[in-house]
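Read the structure below first, then the notes.
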Amino acid sequence: ETGVTQSPTHLIKTRGQQVTLRCSSQSGHNTVSWYQQALGQGPQFIFQYYREEENGRGNFPPRFSGLQFPNYSSELNVNALELDDSALYLCASSLDLGAGTEAFFGQGTRLTVV
Amino acid sequence: AQTVTQSQPEMSVQEAETVTLSCTYDTSESDYYLFWYKQPPSRQMILVIRQEAYKQQNATENRFSVNFQKAAKSFSLKISDSQLGDAAMYFCALGEYGNKLVFGAGTILRVKS
């Protein structure tokens, strides 16, 4: 059973550019959530996908968008990058939407916007 | 709105000793879970322990246990017999239906040999 994998691990982008981050969910998991973790802070919920549909969104602007594919892998897209978008982006997959279901996290993508 | 507060930015413990990390939360829901996640320097979040709000009995996982005080909305983590490998950032998190987690700001735990 493979775990959650994210790519790339590190990325440097220029302000105003666009970026796509990728996440392969754990085998059998149909739910993927994305979090933004600024330096020294706790992760903040961006959005969640369940069976290819968006299932909730945190307090992030529309330039943060996502997709979930039929194999339940997922992408996070960020347009018009701003310096404050520099953060660790974490993907978590889970078996279902239950409140107590364990979320399995990837190692994250470190995005630096210059 | 759900909130999670960790008031200890950093804690230190001697190897083999016991340490308690504090967490308070707020939610209007009656059905929820509380979690402690560990984030080592490798960055990957690892679930340490979870507690269902409906269960009065405190959860225990080997050296890790919680003190869940529902009325006070308090959820502390006790680590017994601390080991060097326990050094990490610890996050308290609140989860409701939909499994969207609300995290606290974290507590850095340092273990001294």
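Of everything in region A:1-35 that is in contact with an Asp or Glu (Cβ under 8 Å, 6 or more places away or on another chain) and polar (S, T, N, Q), the residue that is surrounded by the most Cβ atoms within 10 Å (Cβ to Cβ) is A:T31. Filter region B:26-63 down to the residues that are more than 11 Å from the chain's Cα centre (by Cα) and among the hydroxyl-bearing types (S, T, Y) and list them by number. Passing the criteria: B:T27, B:S28, B:S30, B:Y32, B:Y33, B:S42, B:Y54, B:T60.
Considering only residues in region A:36-60 that are at the interface with chain B (Cβ under 7 Å from one of its Cβ atoms), farther than 11 Å from B:G98 by Cα and not polar (S, T, N, Q), the one that is surrounded by the most Cβ atoms within 10 Å (Cβ to Cβ) turns out to be A:P43. Residues in region B:1-18 that are over 17 Å from B:R63 (Cα atoms) and acidic (D, E): B:E10 alone. Scanning region A:65-114 for residues that are more than 10 Å from chain B (Cβ to nearest Cβ), of a type in the set (A, V, I, L, M), surrounded by 19 or more Cβ atoms within 10 Å (Cβ to Cβ) and more than 11 Å from the chain's Cα centre (by Cα) yields a count of 4.
Filtering region B:59-113 to residues that are within 14 Å of chain A (Cβ to nearest Cβ), among the acidic types (D, E) and in contact (Cβ under 8 Å) with a residue 40 or more places away in the chain leaves only B:E96.
Restricting attention to region B:1-31, the residues being assigned to a strand (DSSP E or B) and either closer than 28 Å to A:A87 by Cβ or among the aromatic types (F, W, Y) (or both) number 10. The lone criterion from (1) away from chain A (no Cβ under 11 Å); (2) out of contact with any Lys or Arg (no Cβ under 7 Å at 6 or more places or on another chain) left unmet by B:D31 is number (1). Test B:G98 against the stated conditions and say whether it is more than 20 Å from A:V4 (Cα to Cα) and small (G, A, S). So B:G98 does not fit the description; no. Applying a threshold of 6 Å to beta carbon distances and a minimum spacing of six or more residues, or different chains, the list of pairs starting in region A:57-69 at a residue that is of a type in the set (D, E, K, R) and ending at one that is outside any strand (DSSP E or B) reads A:R63/A:N79; A:R63/A:A80.
Read-outs: derived from the displayed coordinates by stated rules, not from any lab. All values reported here derive from a predicted model rather than from experimental measurement. Reconstructed Cβ throughout: ideal geometry from the backbone, glycine too, with neighbour counts over all protein chains shown.
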